[in-house]
1. Lys33 fails exactly one of the following numbered conditions: (1) of a type in the set (D, E, K, R); (2) surrounded by 11 or more Cβ atoms within 10 Å (Cβ to Cβ); (3) part of a helix (DSSP H, G or I). What is the number of that condition?
2. Test Met26 against the criterion of being closer than 27 Å to Leu77 by Cβ, part of a helix (DSSP H, G or I) and over 16 Å from the mean Cα position of the chain (by Cα), and give yes or no.
3. Quick one: count up the residues across the stretch 6-37 that are under 23 Å from Tyr62 (Cα atoms) and modelled with pLDDT under 90.
4. Here is a list: Ile39, Ile31, Ile14, Ile54. Which entry is touching a helix residue (DSSP H, G or I) at 6+ places or on another chain (Cβ under 7 Å), hydrophobic (A, V, I, L, M, F, W, C) and free of Cβ contacts under 8 Å to residues at least 12 places away in the same chain?
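The values are calculated or read from the model by the stated rules, or taken from the named source; none is laboratory data. Because the structure is predicted, anything quoted here is derived from the model rather than measured. Cβ atoms come from the backbone with ideal geometry, glycine included; neighbour counts cover every protein chain shown.
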Amino acid sequence: MMFNRDEQIKETLIAFNSYFMVEAVMRLKRIPKNPQSVIKFMGSEDFDHLHKEIIKTVHDNYSMLMNCLSSKDKRKLHALFD
């Protein structure tokens with residue numbers, strides 16, 4: 001499946017934020033960090049709910065985020081996907 005550049009950027013933002021969300025929630029809930037507990041958490045309803053919020057937030061605010069970047073920063077960002 002081919003993505004356009006904006007979709008690639010959105011997917012990267014979602015993945016990046018999901019990673020840090022997993023880290024934060026596991027620390028807050030004092031869940032031991034090992035591969036099994038990460039996989040278990042990522043299969044939970046808590047993760048599903050938070051992940052959907054991240055997706056919604058990225059899609060709802062993508063235009064605003066891109067408008068905050070300078071032309072130089074936009075070129076650098078787009079170059080990551082060349």
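1. It is condition (3) that Lys33 fails.
2. no
3. Of the residues in that region, 0 qualify.
4. Step by step, each of Ile39, Ile31, Ile14, Ile54 is checked, and only Ile31 is touching a helix residue (DSSP H, G or I) at 6+ places or on another chain (Cβ under 7 Å), hydrophobic (A, V, I, L, M, F, W, C) and free of Cβ contacts under 8 Å to residues at least 12 places away in the same chain.
Matching residues to (1) aliphatic (A, V, I, L, M); (2) touching a Leu at 6+ places or on another chain (Cβ under 7 Å); (3) part of a helix (DSSP H, G or I); (4) free of Cβ contacts under 8 Å to residues at least 12 places away in the same chain:
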| site | (1), (2), (3), (4) |
| --- | --- |
| Asp48 | no, no, yes, yes |
| Val58 | yes, yes, yes, no |
| Asn61 | no, no, yes, yes |
| Met64 | yes, no, yes, yes |
| Asp73 | no, no, yes, yes |
| His78 | no, no, yes, no |
